[in-house]
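J.: Below is one structure. I have some questions about it.
Coordinate-derived values only; no laboratory data. Because the structure is a prediction, the values reported are computed rather than measured. No Cβ is skipped: glycine too gets one built from the backbone with ideal geometry, and neighbour counts run over all protein chains shown.
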Amino acid sequence: MIKTCRLHSFAAYSELFKFQDKMSNQSNQVSLLNKLITTLYDGENGYKEAAEEVSNTALKTRFLNLSQQRYDFGHDIKPFIKSLGGEVDKGGSVAASLHRVWMDLKTAVSSQDEESILNEIIRGEESAVDTYREVLADADFPVTARTTVSTQLSKIESVLADMRKLESVA
């Protein structure tokens, strides 16, 4: 009887630890996905600001399209956060304000120098790529979330390559 009781207690503790580990893992995944949301929010606003400041119509259109892309990327990630039982950050956290690479864009656009704007966009995109890679390396996401994040990363890397080409001719 005592042996059976101990086995049941051990099984209960084992299940409790598995549950706590799962909850901790989900919390980490939510945190990492929210980090992407913040990065996307920064990119969306950075591209909007850049579009307002450039005179080149093609660049303005490109920046507005990229701003919309980042908005859409964020909305693609939000369901994964909710399915993990998390709350979506609204982009206004203290950590977000400390890590906003796009804030340097304000300085660049004040001179309305398109080359400076492209340089800041490249810095922002490099930061976004780094964040995406960090998130993909650190989390064991469900397959659908990992696929979405990987696809977004590929698109951001493509934009970064395009911006580098634009910068070299500017």
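J.: Determine the dipole magnitude for the stretch 123-170: charges of +1 sit on the beta-carbon of Lys and Arg, -1 on that of Asp and Glu, nothing else is charged, the reference point is the Cα centre, and the result goes in debye to the nearest 20.
T.: Roughly 160 debye for the stretch 123-170.
J.: K155 versus S27, label points 7 Å from Cα toward the beta carbon: distance in nm?
T.: 3.2 nm
J.: Within the stretch 50-76, name every residue whose backbone N is under 17 Å away from a label modeled 7 Å from Cα of V169 along the Cβ vector.
T.: Only 55-63 pass the distance filter.
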